[in-house]
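Visitor: One structure, pasted below without further comment.
The values are calculated or read from the model by the stated rules, or taken from the named source; none is laboratory data. Owing to the predicted nature of the structure, the values given are computational and were not obtained by experimental measurement. Please note: Cβ atoms are built from the backbone with ideal geometry, for glycine as well, and neighbour counts cover all protein chains shown.
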Amino acid sequence: MPGSEAIAIALLAASVLGMPIRSQEPRSSVRQYVTVAGTVERTDPFSRALTVQTSAGETQTIYVAPEIKLFGELKRGDRITAYLTESVIVAVRPGLKPSVPVDTTASASSRDPSGRGEVLQQLKAAVTVETVDLSTHVIVYKTADSRKVIRTVVDPRLLDGLKAGDVIEITYTRERAIDLQRAQ
């Protein structure tokens with residue numbers, strides 16, 4: 001299981017959604033075949049986890065399918081590109097209180113239409129919005145343990161209607177990498 005820093009990164013690496021005062025239908029962002037490029041920091045052959053430092057300076061853990069042979073050849077410093085599927089869903093509920101991440105993997109199902117995806121981890125947490133900058137697609141939020149997190153949101157429409165003080169529940173689903181290539 002990733003550490004708390006990795007969980008926080010995983011929760012909102014893709015994007016963040018908001019919760020206005022009244023209930024709304026959950027909004028979601030599904031990214032099929034997301035590309036993650038960076039430099040290998042470390043590999044864990046037991047869990048098949050690949051820790052990558054992106055050009056933006058973020059550290060991301062990617063789980064690699066057993067059929068991808070390149071994983072066994074990688075070493076620290078190698079540049080790679082990984083392709084995976086991920087999604088973020090926010091359920092808007094009045095009166096929600098911030099919470100620590102809860103692992104909901106057991107009840108998750110893959111959204112990969114190719115059938116090759118496998119949900120590796122699904123996390124759910126509630127956070128408090130501090131600021132939203134629609135022009136740069138950046139949100140600042142505070143976690144239940146009082147950490148301040150700054151995230152760039154990939155899908156800017158997910159920020160619509162957000163304001164400081166909103167509490168948002170985020171469900172982040174990460175699936176196994178379906179392809180891995182050395183970067184040129």
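Visitor: Can you list residue pairs whose Cβ atoms sit under 6 Å apart, with the first residue in region 30-56 being of a type in the set (Phe, Trp, Tyr) and the second being modelled with pLDDT of 85 or more? Count only pairs 6 or more apart in sequence or on different chains.
Guide: Partner pairs satisfying both residue conditions: 33/83.
Visitor: Condition first: part of a loop (DSSP other than H, G, I, E, B) and of a type in the set (D, E, K, R). Now tell me which residues in region 141-161 satisfy that.
Guide: 145, 147, 155, 160
Visitor: Now a separate question. Can you find, within region 77-93, the residue that is modelled with the lowest pLDDT among those that are part of a strand (DSSP E or B), of a type outside the set (A, V, I, L, M) and over 23 Å from residue 169 (Cβ atoms)?
Guide: For region 77-93, the residue satisfying everything is 83.
Visitor: Now a separate question. Among the residues of region 45-64, which ones are touching a strand residue (DSSP E or B) at 6+ places or on another chain (Cβ under 9 Å), loosely packed, with under 13 Cβ neighbours inside 10 Å and not hydroxyl-bearing (Ser, Thr, Tyr)?
Guide: Within region 45-64, just 56 meets the criteria.
Visitor: Do we have any residue at all in region 128-136 that's crowded, with 18+ Cβ neighbours inside 10 Å and under 30 Å from residue 66 (Cα atoms)?
Guide: Scanning region 128-136 turns up no residue that is crowded, with 18+ Cβ neighbours inside 10 Å and under 30 Å from residue 66 (Cα atoms).
Visitor: Scan region 42-76 for residues that are small (Gly, Ala, Ser) and either modelled with pLDDT of 95 or more or not in a loop (DSSP other than H, G, I, E, B) (or both) and report the count.
Guide: Residues that pass the stated criteria total 2.
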